[in-house]
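Could you have a look at this structure, given as structure tokens, before my questions?
The values are calculated or read from the model by the stated rules, or taken from the named source; none is laboratory data. Please read all numbers here as calculations on a predicted model, not as lab measurements. Note: ideal-geometry Cβ built from the backbone for every residue, glycine included; neighbour counts use all protein chains shown. What goes into the accessible areas is simple: the full protein's heavy atoms, side chains included, and nothing from ligands, DNA or RNA. Shrake-Rupley method; radii C 1.70, N 1.55, O 1.52, S 1.80 Å.
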Amino acid sequence: MSLPERASEFQNPDIEVLIDEATLKRRIAELGAEITRDYAGKTPHLVCVLKGAVVFLAELIRHIDLPITLDFIAVSSYGDATKTSGEVRIVKDLDESLAGRDVLVVEDILDTGLTLNYLRNNFLSRGVKSLRIVTLLNKPSRRLVEVPIAYKGFDIPDAFVVGFGLDYAQRYRNLPFVAVLKNVSVEDPRSP
Ligand code: IMP
């Protein structure tokens, strides 16, 4: 698939479009409609995992036709961009209490599952009324820990992807599509 005519970042030969903008937006609208139906009569509290999920969040909430509230958490996993160590540290905690709330965690990508597994257990211990996860992307082949996903945008192959919020060394978050970044070696999460 050819790249849209845009600035130099978009002309990077190492980038290959995996999911184009129209397809992303169509699927996210469906997810928003599903969430609207499932949470009818409730006020879901959306917790966005910074930074990658912000673009997905911004698109998703435009399709949730309910009162919602938002909060943000930032975590860092020890390790580099292509390998998660499994140890998760909260860099910026939530501003508000989760007690008694219908929490919907908004994540960009579920890879090994280690980050969301940690966050899920952490949030469950804060007295939520309910807890569900929505992820835009899912890499099932790399899962180390099973995490229940209520809403999922796309299953993708085991490749390193960027764009639509996802980064490589903090770059490419502004691409309006999801692309495979070629020539990045992704370590097997099971290797020691
Ligand atoms: P986990 O392996 O499921 O814990 O994923 C942890 C985090 O790694 C995700 O929230 C992303 O920030 C990042 N990540 C995993 N796979 C990719 C990828 O293909 N591109 C960019 N970031 C990724």
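Can you pull out every residue in the range 30-64 that is part of a loop (DSSP other than H, G, I, E, B) and either at pLDDT below 95 or under 11 Å from the mean Cα position of the chain (by Cα) (or both)?
Across the range 30-64, the qualifying residues are 51, 52, 53.
Another question, if that's okay. If I go through the range 99-117 residue by residue, how many of them are over 21 Å from residue 70 (Cβ atoms) and open to solvent by 40 Å² or more (accessible area, probe 1.4 Å)?
Looking only at that region, the number is 1.
Condition check ((1) over 16 Å from residue 52 (Cα atoms); (2) open to solvent by 70 Å² or more (accessible area, probe 1.4 Å); (3) under 16 Å from the mean Cα position of the chain (by Cα)) across all residues:
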position: 97; (1), (2), (3): yes, yes, no
position: 127; (1), (2), (3): yes, no, no
position: 136; (1), (2), (3): no, no, yes
position: 143; (1), (2), (3): yes, no, yes
position: 177; (1), (2), (3): no, no, yes
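What pairs can you find where one residue is in the range 139-160 and touching a residue at least 12 places away in the same chain (Cβ under 8 Å) and part of a helix (DSSP H, G or I), the other is polar (S, T, N, Q) and within 11 Å of the ligand (Cβ to nearest atom), and their Cβ atoms are less than 7 Å apart, with a gap of 6+ or different chains?
Going by the 7 Å Cβ cut-off, the qualifying pairs are 142/112.
Looking at the range 173-185, which of its residues are part of a loop (DSSP other than H, G, I, E, B), within 11 Å of the ligand (Cβ to nearest atom) and modelled with pLDDT of 95 or more?
173
Further, regarding this structure: Just one of the numbered conditions (1) at pLDDT below 95; (2) within 18 Å of residue 170 (Cβ to Cβ); (3) touching a Gly at 6+ places or on another chain (Cβ under 7 Å) is not true of residue 80; which one?
Status for residue 80: all satisfied but (3).
I need a count of the residues in the range 100-135 that are in a helix (DSSP H, G or I) and within 16 Å of the ligand (Cβ to nearest atom).
The qualifying residues number 10.
Check the range 145-153 and report whether any residue there is buried (at least 20 other Cβ atoms within 10 Å of the Cβ), more than 9 Å from the ligand (Cβ to nearest atom) and at pLDDT 95 or above.
Checking the range 145-153: at least one residue is buried (at least 20 other Cβ atoms within 10 Å of the Cβ), more than 9 Å from the ligand (Cβ to nearest atom) and at pLDDT 95 or above.
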